[in-house]
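J.: Take a look at this one; I'll ask things after.
The values are calculated or read from the model by the stated rules, or taken from the named source; none is laboratory data. Bear in mind the structure is a predicted one, so any value in this text is a computation, not a measurement. In this analysis, Cβ positions are derived from the backbone assuming ideal geometry, glycine residues included, and neighbour counts consider all displayed protein chains.
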Amino acid sequence: MTKMKNSNLDKIDQHVEAVQNGDGDAYRFVVEQLISRVRIFVAGRSIPGIDVDDIVQQAFVEAYTSIKDYKLGTDFAAWVITISRYQLLQESSRLRRLADYHSKYVPIALANEMEAQLHAGNEIEESRMQFLKECLKEIPQKGRGILKERYESTKSIAQISEEMGRSAGSIRKQLYKLRKQLHECVSIRLAKEDHS
């Protein structure tokens with residue numbers, strides 16, 4: 001087993017030396033031999049939210065760009081794992097800072113947005129009520145009387161129809177038309193206000 005392990009380490013070192021001498025294609029063999037070992041190392045030490053494959057890739061890229069610093073005869077796998085450990089620490093710190101930032105920022109931003117919407121909602125409601133009053137003035141007196149009976153005195157349609165000597169169906173139909181007319185009038189005025 002030791003002979004086989006040393007043989008594999010020797011092959012890795014030969015390919016690393018070839019990379020150091022300018023043969024970039026030799027690095028493929030190194031990655032193929034070590035990727036599982038590095039991935040297991042990173043996966044076993046990762047916090048939730050870390051992309052293991054990204055860390056492994058970053059480690060191999062960093063090892064490749066710094067390969068001139070590697071001393072032949074030492075353990076290249078250990079060297080790559082050390083690099084991956086630092087990449088993992090860096091990413092863990094970044095995620096913790098991000099989580100800390102979001103835990104502080106998101107509730108404040110959400111509260112500010114909700115408050116802004118409430119204020120905007122109040123302004124819209126105030127405008128809507130003002131426009132409704134204006135639109136009511138455009139309704140003929142008889143129609144305003146029916147609306148007043150239905151919505152201010154909260155009489156039933158049957159009571160209104162009895163008092164006016166009309167059928168309940170005709171009162172419903174007139175109320176529908178009046179509500180539609182008011183809705184259109186208010187909508188047009190709100191739209192004009194938005195464009196000014």
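J.: Does the range 163-173 contain at least one residue that is over 36 Å from the mean Cα position of the chain (by Cα) and on the phi > 0 side of the Ramachandran plot?
T.: yes
J.: Something else about it: Anything in the range 149-171 that is charged (D, E, K, R) and surrounded by 13 or more Cβ atoms within 10 Å (Cβ to Cβ)? List them, or say none.
T.: Glu149, Arg150, Lys155, Glu162, Arg166
J.: Taking into account only those residues within the range 47-93 that are among the basic types (Lys, Arg) and touching a residue at least 24 places away in the same chain (Cβ under 8 Å), which is surrounded by the most Cβ atoms within 10 Å (Cβ to Cβ)?
T.: The selected residue is Arg85.
J.: Sort through Ser127, Ser153 and tell me the only one that's farther than 17 Å from Arg189 by Cβ and at pLDDT below 85.
T.: Selected residue: Ser153, the only one of Ser127, Ser153 that is farther than 17 Å from Arg189 by Cβ and at pLDDT below 85.
J.: For the range 164-189, name all the residues that are touching a residue at least 24 places away in the same chain (Cβ under 8 Å) and not aliphatic (A, V, I, L, M).
T.: Gln174, Gln181, Cys185, Arg189 - these are the residues of the range 164-189 that are touching a residue at least 24 places away in the same chain (Cβ under 8 Å) and not aliphatic (A, V, I, L, M).
J.: Take the residues in the range 60-93 that are acidic (Asp, Glu) and in a helix (DSSP H, G or I); name whichever of them is nearest to Val42 (Cα to Cα).
T.: So the residue we want is Glu91.
J.: State yes or no: is Ile47 touching a Lys or Arg at 6+ places or on another chain (Cβ under 9 Å), outside any helix (DSSP H, G or I) and hydrophobic (A, V, I, L, M, F, W, C)?
T.: Yes.
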